[in-house]
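The values are calculated or read from the model by the stated rules, or taken from the named source; none is laboratory data. Nothing here was measured: the structure is a model prediction, and the numbers come from that model. Note: ideal-geometry Cβ built from the backbone for every residue, glycine included; neighbour counts use all protein chains shown. In case anyone asks, the SASA skips ligands and DNA or RNA and just uses the protein heavy atoms, side chains included. Shrake-Rupley method; radii C 1.70, N 1.55, O 1.52, S 1.80 Å.
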Amino acid sequence: MSEYLTYIYVTWRDAHAGTTTWTNPRDIDPEPCIVRTAGFLMAESDGGKKDHLTVFQSITPDGDVDHVLHVPVGMVVDFKCIQINLVDGVVTVL
């Protein structure tokens with residue numbers, strides 16, 4: 001496991017169903033489905049997916065991760081990151 005982790009808060013547009021039954025097209029909600037996700041950023045060199053922001057929830061001392069989510073870069077609206085130095089306990093806003 002690296003001594004650094006990057007924590008990310010990302011806002012993105014999700015693909016979603018526009019209707020649940022027969023619907024007049026004028027009645028379909030035109031608003032995007034905006035999702036906010038927070039977790040640790042996984043670099044492509046560490047297993048993250050190309051052209052995506054790969055975010056995971058938890059990591060073990062052996063480097064195993066869970067709750068992995070791949071957000072296509074083209075769907076990202078905004079993001080904020082901080083870097084955590086696990087050895088020195090230093091947090092840096094990126």
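Positive contributions from Lys and Arg (+1) and negative ones from Asp and Glu (-1), summed over other residues with Cβ under 14 Å from the Cβ of THR20, come out at -2.
Other residues with beta-carbon under 14 Å from the beta-carbon of THR37 carry, at +1 per Lys or Arg and -1 per Asp or Glu, a net charge of +1. Fully extending the segment from ILE84 to LYS50, taken as 0.36 nm per residue of separation minus the present Cα-Cα distance, adds 9.9 nm. With protein chains left intact and a 1.4 Å probe, residues in the chain average 72 Å² of accessible area per residue. Taken one residue at a time, the phi angles of the range 21-27 give Karplus couplings (6.51, -1.76, 1.60, θ = phi - 60°) of 7, 4, 9, 5, x, 5, 9 Hz. Gly and Pro are set to x.
Backbone phi angles across the range 33-43, fed through the Karplus curve with coefficients 6.51, -1.76 and 1.60 (θ = phi - 60°), yield HN-Hα couplings of 9, 8, 10, 10, 10, 10, x, 9, 7, 10, 5 Hz in residue order; Gly and Pro are listed as x. Of the trypsin sites (Lys or Arg not before Pro) in the range 2-94, the ones in a loop by DSSP (not H, G, I, E or B) with at most 15 other beta carbons within 10 Å are LYS49, LYS50. For P(r) over Cα pairs in 10 Å bins from 0, in percent, one of [x] 17, 51, 27, 6, 0; [y] 15, 40, 25, 12, 7, 2; [z] 14, 45, 30, 9, 1, 0, 0 was computed from the structure I shared and the rest are decoys. Which label? Checking each listed value against the structure points to [y]. Counted residue by residue at 0.36 nm each, then reduced by the alpha carbon distance between them, the extension gain from TYR9 to ALA38 reaches 10.0 nm.
Between THR92 and ILE28, the contour length at 0.36 nm per residue exceeds the alpha carbon distance by 18.7 nm.
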